[in-house]
Structures are given as structure tokens and as C-alpha cells.
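The values are calculated or read from the model by the stated rules, or taken from the named source; none is laboratory data. Since this is a predicted model, take the numbers as computed values, not measurements. Every residue, glycine as well, gets a Cβ built from its backbone with ideal geometry; the counts of neighbours run over all protein chains shown. Please note that ligands, DNA and RNA were not included when accessible areas were found on the heavy atoms of the full protein model with its side chains. Shrake-Rupley method; radii C 1.70, N 1.55, O 1.52, S 1.80 Å.
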Amino acid sequence: MSDISLSSLGAKVVVAASSDENHPPENIIDGNTNTFWMSTGMFPQEFIIRFAEPTMVSVVTVDSYNVKHLKIEKNTTQSASQFEFGTEKEFENTEGHLQSNALSLSGSSATHLRFIITRGYDHFVSVHRVSVQP
Amino acid sequence: MVKLRARCLVVGDAAVGKTALSHLFNSDGSLFQKNYSMTTGVELLMKCVNIPDTSDSVELYILDSAGKEALVDGCEKMWGEPSLLCLVFDLTNKQSFTNCSRWMERVRVCNKGFHIPGVLVGNKSDLTSRREVEASAAQEWAQNQGLEYCETSAKEMENCDAPLRGLARAFHSLYHERREAIQNLSLG
Ligand SMILES: Nc1nc2c(ncn2[C@@H]2O[C@H](COP(=O)(O)OP(=O)(O)OP(=O)(O)O)[C@@H](O)[C@H]2O)c(=O)[nH]1
Ligand SMILES: [Mg+2]
């Protein structure tokens, strides 16, 4: 399932803190690690993915660069609010190639996932792909 | 179009003119406070700077931090992780220049190995007869620390937007550098 992009399944990025027109948040869910969303300064940074329908999520895989700490929250409501804690992880610094980290959630269904990057290894971080497994 | 955001820390000894410079920059050169009013904490000012010849901008969150020794510990907790550094001394006060090393130390501690673009500012250039620090000495020290150097007079409104405008430009270049590196990386 992870080779089918989230966007082709109807998912959307509904909120993203940073803006560079050339590297829009849609790049996170297009299934392609060549394209990316880039943060444009200061922490924390966040983005929210909305699924087309309630979706079982047990593992979230994140391809990124320079992310130091990531927290994932989730909810099951129609609006992008009232999140509960999902999981968090300290990423290793990978100079010269992308980070790829799998984070497990407790296998419940979600309508939104909120990604909060609390710290980075540099001023700017990038997220290349987020994929989920049921 | 890119909108960048940077946390710009303004530090230096008491009464060197940090607040005067910050307010002048923030108000586009319309506010100079003649009477000294000591900053006792960290004052936050926000200013959006357009980068010349682009459609990009940098939103600066300027943290004007108290210079008085007894207040510094309390302030450091509020610095967070600065993106940019503006270190100010008074050209008519040698001690305020000597103390710049200590300010650099403090900033390095809260900064966790990030490279942060910075500028050293010699302020009160209008008081020429009372000058105690030569431009060449300041320039040399700045260079050794990896800082740009410039002189300003908040009183005469001379050159006052140069330091922070320069920092905004440096942050913008850094972004483009990093973005290109990531681009190359992601293409394998
Ligand atoms: N002649 C002259 N006076 C200046 C200049 N800049 C600031 N002053 C004066 O110096 C005094 C101190 O300025 P501030 O900006 O309050 O100094 P500060 O660095 O913020 O001091 P703290 O808040 O105590 O850390 C004030 O009386 C200012 O009017 C300048 O360029 N020339
Ligand atoms: Mg002050």
C-alpha cells in the first residue's frame, strides 16, 4: 500500500506552517521522494493531513531531511482540531542522504494526522514523503 | 515567492543602544528615544523585510534583550534557538567592545551548533570625539568570529537599517543554499 500515494487516495494537506511556492505541502503526499515540502524558518513546524475517509493507521513512514524530533497527533473528527497524542520519535542525523523513519500508532482509525516538528538539525527541514500502512 | 521567518537576537552591554536601534528599524526610522529607559526583560518586535530583486520576504522576530548583567540569566531562557544574531557595542565605550566575547559565548551555548549568520554593530558613531574603539580593531574581531561589521548612529539615524537588512539577506541566501543542497540530495 505504501507505493500508492496518499493524494491518489484522496488525502490532502490542509494546514502547513511554512510557504515556499516551489515546494508546496502537496509534495509530502504525492508518493515521490524527489519532491518535497520545505520549512522556511523557526520551530515548531507543523502540517496536517486529512484522509478522504476514516483510515486505519498502524505505521506511518516519514522520509525527511534534518528533522530532529517529530510528534504525531491524530483525531477522528471532521475538523482539524481536538487532537490526541499519537506517537513521537527522535530522528537520527543523516548527512548526505534522506532520513527514513517508521513510527507506529496504536492501529486505530483516524481522519486527520497532525505532524509537529519540534526541533531540527538545521534552520530548515524538508519532508519528502509520508505514507501509511493499515 | 518564499516567506521566511527568523528569530533575530539583539544583545550587547547595557545602554549601548540596542533598544534605540531595534525601534528605529521597526518604525522605519521615525522613533529615537533620547532618554534612557533600561530594558529589563526581552522585548519582541516584528518586522517584515522584502528581499531586493525577488518576491521573497523575511519576517524578523526581533528579540531585544536586556544588557544589564544581573538580568541576563533570566533573559537567556527566553532566547530560544535564535536564527540570527545582532551583537551591539558602544563605540565610545571600550569595555562594551571587550565584553562582546562573553556575549558570543552565551549565544553559542543556547545555539547548539547551528551556524547562525550574525553582525557586529558599533553604535553611537555620531560621538566622534569620544570614540574609544577603532573601526579596524572591530572589523578584525568580527571577521575572526564570522560576523559582518557595521557602524551606526541611532541618534543621527545613520545606517540604522543596514545591520538587520543585511541579516535578512544572509538568512535568505542560506535558505536558497540549503534548498539547493536538499534538491540535489533528493534526486540522488
Ligand atoms: N549619541 C547617541 N546616543 C545613543 C545612540 N543610540 C542610543 N543612544 C542613547 O543611549 C542610551 C541607551 O540606549 P538604549 O537603546 O536604551 O540602550 P540598550 O542597549 O537598549 O540598553 P539596555 O536596555 O539597558 O540593555 C539612550 O539614552 C539612547 O538615547 C546613538 O547612536 N548616539
Ligand atoms: Mg534596551
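Worth pointing out:
- The range B:1-39-the range A:1-78 distance, computed between alpha-carbon centres (Å): 37 Å
- Table column - 3J(HN,Hα) (Hz), the range A:78-83, Karplus curve with 6.51, -1.76, 1.60, x for Gly and Pro: 7, 10, 7, 8, 6, 8
- Pair A:Ser109, B:Phe114: separation of 7 Å Cα→Cβ label points (nm): 4.1 nm
- J(HN,Hα) series, the range B:24-35, from Karplus relation 6.51 cos²θ - 1.76 cosθ + 1.60, nearest Hz, glycine and proline x: 4, 5, 5, 9, 6, x, 10, 10, 10, 8, 6, 7
- Minimum 50 Å² accessible area buried by the other protein chains, the range B:143-188 residues, probe 1.4 Å, relative to alone: B:Tyr175, B:Arg178, B:Arg179, B:Ile182, B:Leu185, B:Ser186
- Of all DSSP bridge pairs formed entirely within the protein assembly as shown, close to 70 percent run antiparallel.
- Charge-dipole axis of chain B as Lys and Arg at +1 and Asp and Glu at -1 on Cβ define it, positive-most pick from B:Gly146, B:Leu4, B:Cys160: B:Leu4
- Peptide A:116-126 - average C-beta neighbours from other chains (10 Å radius): 4
- Note on A:Glu26 and B:Ser136: the model spin-label points, each 7 Å out from Cα along the C-beta direction, lie 6.0 nm apart.
- Per residue accessible area in Å² of the protein assembly as shown, where ligands, DNA and RNA are left out and the probe is 1.4 Å: 46 Å²
- In order along the range B:56-66, the phi-based Karplus estimate (6.51 cos²θ - 1.76 cosθ + 1.60, θ = phi - 60°) of 3J(HN,Hα) comes to 8, 9, 10, 8, 9, 9, 8, 9, 8, 9, 4 Hz; Gly and Pro are listed as x.
- Between A:Thr76 and B:Ser37, the FRET efficiency estimated from the beta carbon spacing at R0 = 56 angstrom works out to 0.60.
- Taking amide H atoms as placed 1.01 Å from N in the peptide plane, the amide H of A:Ala17 lies under 5 Å from those of A:Glu46, each 5 or more residues away in sequence or on another chain.
- Put simply, the amide H of A:Lys68, placed in the peptide plane, has neighbours under 5 Å in A:Arg119, A:Gly120, A:Tyr121, leaving out anything fewer than 5 places away on its chain.
- Kirkwood radius for the range B:1-69, taken over all pairs of different Cα atoms as the inverse mean of 1/r, rounds to 13.0 Å.
- Other-chain or far-sequence residues with amide H under 5 Å of B:Thr152's (modelled H): B:Gly122, B:Asn123, B:Lys124, B:Ser125
- DSSP beta bridge pairing in the range B:62-188, given as percent antiparallel to the nearest 5: 10 percent
- For the range A:7-133, the relative contact order is 36 percent, taking Cα pairs closer than 8 Å that sit 6 or more residues apart in sequence and dividing their mean separation by the residue count.
- The protection proxy used here, the mean number of other Cβ atoms lying within 10 Å of each residue, ranks peptides B:83-89, B:161-167 as follows, highest first: B:83-89, B:161-167.
- The protein assembly as shown: calculated mean residue ellipticity at 222 nm from DSSP helix runs of at least 4, using -39500 (n - 2.57): -7000 deg cm²/dmol
- Think of each Lys and Arg Cβ as +1 and each Asp and Glu Cβ as -1; about the Cα centre, that makes the dipole of the range B:3-187 roughly 360 debye.
- Measure of compaction for the range B:3-187 (Cα Rg per 2.2 N^0.38 Å): 1.01
- According to the Kirkwood relation over distinct C-alpha pairs, the hydrodynamic radius of the range A:7-133 is 14.4 Å.
- Sparsely packed loop sites in the range B:1-78 (the chymotrypsin sites (Phe, Trp or Tyr not before Pro) outside DSSP H, G, I, E and B with at most 15 other Cβ atoms within 10 Å) comprise B:Tyr36.
- Pairwise label distance in nanometres, B:Cys48 with A:Met56, each label 7 Å out on the Cα-Cβ vector: 4.7 nm
- Taking a point 7 Å out from the Cα of B:Asp28 in the direction of its Cβ, the residues of the range B:160-176 whose backbone N falls within less than 19 Å of it are B:160-166, B:168-169.
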